[in-house]
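The values are calculated or read from the model by the stated rules, or taken from the named source; none is laboratory data. From a predicted model like this one, the values you see are computed outputs, not experimental measurements. Cβ sites come from the backbone with ideal geometry, for glycine too, and all protein chains shown count toward neighbours.
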Amino acid sequence: MDINPSAHTLTSLYPGAMVVDASERIVLPGFINAHFHGESVLLRYLTGRVAYSSWDALPGLRGAFARLLDPSSASDIATLYRTAGFLHLRSGTTAVADYPAAYAPAVLHGAIENITRAGARSVFALQTWEQVESFRSSPPALRQFSISLGPEASHTVYSFDKFVRVSAETQFPLACHLGEVRADVEALRSRFKKSPLRILKDAGALVRATHLIHCNHIPEADLDLIRAGGNPVTLCVRSALAKQTGYPLLRSLASHDVTICLGTDWGETDLLGEIRVLRDLRQYYPGLAPYTPLELIRMATINGAHALGIASHTGSLEVGKHADLVMIPFNDVRLPALRAHPGAEEIAGIITDYCDTGMISDVMAQGAFRIRKGVAARVDENEILRDFRRLQEAFLPSPGEEHAALRPGGIPLVPSDRKEKTPLSGEGEAADDVSLKDKANLRPPGPPPEESLQKFPVVTKTIRRVFGEDDI
C-alpha cells in the first residue's frame, strides 16, 4: 500500500496498480477484533438477555453446542465461519482473533478456510494438542495461531510446563482467557496461593507475546506485572455488561501504561459499537477514567494488531503494509463539518462520536475491496444469508422453548444477586444440575491428559460444565 495526494504520481510509480480515489472519505485502518468466539454468531440467539451465570439452564444451548462439536457438522461449521467472516467485514473488521471450540483438526481447517474465503484475516487460538500437532508444520504464511491456556479450572503446574515448552517449539504465542468472572480468580488463588498473573509469571507463561483476555477481576497490584511484561490486555466491555460478569479492572487501567485492545467476545462483530460503549461507560459509572478518541481508535486497530503479532502487516495506514482499510464518506448530513486541515484527534472524535457501521461505504482487506459502495464485492451476500438461515432453522429452538426454564418458577432471566459457582466444588448445586460425571471432572490439580489441552470450549467454568463430555 502507498498513499499520495496525486493519482498521477501513484500511477507512475506503480504501473498497472489499482488507484483508489478517497476524496471526501474518512479513511482509517481496518478494525482488529482481538477476541471473538465464532460459534457465537449462531449461539447468540440462545444467550441474548440471559446472564452468563444462567447459561447452564438453557437446554437448547447445550444441544446446539453438542451438535456443533460433532465432526459430522463440519459443513455447518464452514458455513458458520464464512458467515462470521462476512459479518466482520461488514462491520469494518479486517482481522479477528478467534477462540473456536475444541473442534476436530479437519473441522477447524474448514473454519479457517472459510473465514479466509470471506476475506477476513484471522488468528486462531488452538484448543487441543491435536489441533497444535495439525497446524505446527503449516507454511509460514498460514502460521497465524496462538495456543490457548485453557479454562482456569484446568490450570496446573504440569500443564503450564507443557504450554510453555510447546509454545517455544512452535513459535505460537500463548493466549490466556483470564479473570472473566470473580469465582475463577478466587479458585486459582485458593489452589496456588497466588494471584493469577503471579501464577503465570512464576510458571514462565507471562512472556511479552502472551495475550491476556478479559481480566475483569485481576487485582490492581498485578497490573505492574502486565506493565513490566508489556503484555496486551483485550477488553470486551459490552459483552461483560451483557453477560453481567463485571469489569472492575477498568477503574485502574488508565493509570497504568498497559496496551489495551478491544474484542467483541460473544455474538457482536461491531467494534465501533464497542468503542462507543467504552467511551460512554464513565457517564454511568463514576470513577472510570476517560480515553481520548484517538486512544479508542488505536485500541480497535494498531493495539490489536500488536497483540496478535500482525502489526507488521496491518493495523495502521503505512507505506508497505497491506491495504486493510475502511472508508466513511464525510459529506454526510449526520456528520459535523470538517475543517480544511483537521488533525488526527478531530477526525477520531468524529468517528467515535458520530459514526456507526451503517455509514461505512467501503472495506478493503489485503488490497481487495470486500465491501464497495455499501455492497458485498467478492461474495454473494444472498447465498450467505440463505446458508445461515438454514443453520438457524436446523440448530435453534424457538425463543419460547429455550427460555421457558428462566421464567418465574425457574432460574431468574437476569439474576443480579446470584453468586458465581466455584469450579472446584459442586456445593450448593441442584442434584439434577450437575451429573456424577461432571462432578468427577472437578478434581484437584494433577497431570493434565496428554491428548488435549482441554476437553471443553475455551470459555469459563460455567460453560465448561454445560458442554461437558456427557453432552458430546
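Data table
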item: Qualifying residue in segment 71-85 (condition: farther than 28 Å from Glu381 by Cβ and basic (Lys, Arg)); result: no
item: Near pairs, Cβ below 7 angstrom, 6+ apart or cross-chain, from segment 43-63 (over 12 Å from Leu396 (Cβ atoms)) to any residue that is among the charged types (D, E, K, R) and in a helix (DSSP H, G or I); result: Ala51/Lys243; Tyr52/Lys243; Asp56/Arg465; Arg62/Asp471
item: Residues satisfying the stated conditions in segment 339-353, i.e. closer than 15 Å to Val27 by Cα and either surrounded by fewer than 14 Cβ atoms within 10 Å (Cβ to Cβ) or aromatic (Phe, Trp, Tyr) (or both); result: His341, Gly343, Ala344, Glu345
item: Index of the failed condition, Val157 passing every other in (1) touching a residue at least 24 places away in the same chain (Cβ under 8 Å); (2) under 30 Å from Ala51 (Cα atoms); (3) surrounded by fewer than 19 Cβ atoms within 10 Å (Cβ to Cβ); result: (2)
item: Every residue from segment 73-117 that is acidic (Asp, Glu) and modelled with pLDDT of 95 or more; result: Asp76, Asp98
item: Ile115, sole failed condition from (1) part of a helix (DSSP H, G or I); (2) farther than 30 Å from Met364 by Cα; (3) touching a Ser or Thr at 6+ places or on another chain (Cβ under 9 Å); result: (2)
item: Enumeration of residues in segment 243-264 that are touching a Lys or Arg at 6+ places or on another chain (Cβ under 8 Å) and over 15 Å from Glu220 (Cα atoms); result: Thr264
item: Members of segment 213-238 that are touching a His at 6+ places or on another chain (Cβ under 9 Å) and surrounded by 17 or more Cβ atoms within 10 Å (Cβ to Cβ); result: Ile213, His214, Leu223, Ile226, Asn231, Pro232, Val233, Thr234, Leu235, Cys236
item: Any chance Arg334 is outside any strand (DSSP E or B), out of contact with any strand residue (DSSP E or B) (no Cβ under 6 Å at 6 or more places or on another chain) and either in contact (Cβ under 8 Å) with a residue 12 or more places away in the chain or surrounded by 17 or more Cβ atoms within 10 Å (Cβ to Cβ) (or both); result: yes
item: Selection count, segment 115-151, where residues are closer than 21 Å to Asp380 by Cα and buried (at least 21 other Cβ atoms within 10 Å of the Cβ); result: 6
item: Ala376 among the aliphatic types (A, V, I, L, M), under 18 Å from Arg298 (Cα atoms) and surrounded by 17 or more Cβ atoms within 10 Å (Cβ to Cβ); result: no
